[in-house]
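Take a look at the structure set out below.
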Amino acid sequence: MLSSMTGFATKTAVFSIDGEKTNASISIKSLNSRFFEATCKLPQIVSHLETDLIKILKQKLIRGHVYLTVHMKDASLLKSNVKANIQTVKSYLEAISNIEKTFELNGSVQVKDLIHLPNVFDTQDLEGSKSFDKQILEIISHLIESLRKSRQKEGIALRKDLAKRISIMGKEIAAIEKSAEKLMTEKKEEVAAVIQKIDTQEEESGDVRKNHLLIMLDKLDINEEIVRFKSHLNNLQSHIESQKEEIGKKLDFTLQEMVREINTIAAKCSNAKISSRAINIKVEIEKAREQAQNIV
């Protein structure tokens, strides 16, 4: 099923850490990208899950730049109890004592003098539990499915638009084919008349002139390009009807081939009607390519 690369899903849940409850806001956003990329912003308590989360995101979302954010409302709950850094305090007191002796200073050090010094107290990040990890993973899995659904919903709109472009291009190439057949019939009649005249005059350079006319006629023939363009158009239709989820790159490559064929058609044939319709097709291809850039 055709899916967009853009989507968003978010959820706020309540977790219990060491008996204390806290809210966590989890969101997943995906944007266009040629390949799969993931940016995770996680609190320390779940940072060890980053590699596993990226694997899950890649498996489920396939393509796009995915942003996963986990924000804990009360960050203080993620810290263990405050502990005095005894070794650091001891070093401060020894340094102060040395200053007093060196400069013959009198005074006494109180607790209030020490608590403002750097690194006197230590706090450590709490380690997560298997139960906490399981809750996080379940919510993220639920959000991934929500994101997939939003992508597929947008994909339906993209499919309708691409189907419209394909229909327009089909009508234009059919008109080009009809005009090309008429043009080639007229040119063949003109060339045949000129060749007959050359044969009548029996000129020495007659064969050279005839070969030149036939080569010119062959260069005007765009039937092969039309056949290939129609084949690519059919492939494009098949891709958007496919039940496979990863088709964006196939669409892009097919549209590139269609650009080459319509450019060749426009270059080989100087007929005004054909050139005008070729331009119309180029416009539709460009619109289709813009949409294809957003497809998984």
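The values are calculated or read from the model by the stated rules, or taken from the named source; none is laboratory data. Worth saying up front: this structure is predicted, and the values here are computed from it rather than measured. Here the Cβ positions follow ideal geometry from the backbone for every residue, glycine too, while neighbour counts run over all protein chains shown.
Quick one: count up the residues across the stretch 248-264 that are over 18 Å from residue 159 (Cα atoms) and surrounded by fewer than 22 Cβ atoms within 10 Å (Cβ to Cβ).
Going through the stretch 248-264 one residue at a time, the tally reaches 6.
Please list, ordered by first then second residue, the pairs with beta carbon atoms under 9 Å, 6 or more apart or interchain, first in the stretch 176-190 and of a type in the set (Lys, Arg), second surrounded by 12 or more Cβ atoms within 10 Å (Cβ to Cβ) and in a helix (DSSP H, G or I).
Close Cβ pairs (under 9 Å, with a partner that is surrounded by 12 or more Cβ atoms within 10 Å (Cβ to Cβ) and in a helix (DSSP H, G or I)) amount to 187/217; 187/220; 188/217.
If we keep just the residues of the stretch 138-176 that are over 18 Å from residue 232 (Cα atoms) and among the polar types (S, T, N, Q), which is surrounded by the fewest Cβ atoms within 10 Å (Cβ to Cβ)?
Per the criteria, the residue is 141.
Does residue 232 fit the bill of being under 21 Å from the mean Cα position of the chain (by Cα) and either outside the structural domain of residue 189 (by TED's automatic domain parsing) or without any contact (Cβ under 8 Å) to a residue 40 or more places away in the chain (or both)?
For residue 232, the condition - under 21 Å from the mean Cα position of the chain (by Cα) and either outside the structural domain of residue 189 (by TED's automatic domain parsing) or without any contact (Cβ under 8 Å) to a residue 40 or more places away in the chain (or both) - is not met.
Could you grab me the full set of residues in the stretch 158-172 that are touching a residue at least 40 places away in the same chain (Cβ under 8 Å) and among the small types (Gly, Ala, Ser)?
Those that are touching a residue at least 40 places away in the same chain (Cβ under 8 Å) and among the small types (Gly, Ala, Ser): 163, 170.
From 32, 85, 23, which residue is closer than 15 Å to residue 135 by Cα and in contact with a strand residue (DSSP E or B) (Cβ under 9 Å, 6 or more places away or on another chain)?
Going through 32, 85, 23 in turn, just one is closer than 15 Å to residue 135 by Cα and in contact with a strand residue (DSSP E or B) (Cβ under 9 Å, 6 or more places away or on another chain): 23.
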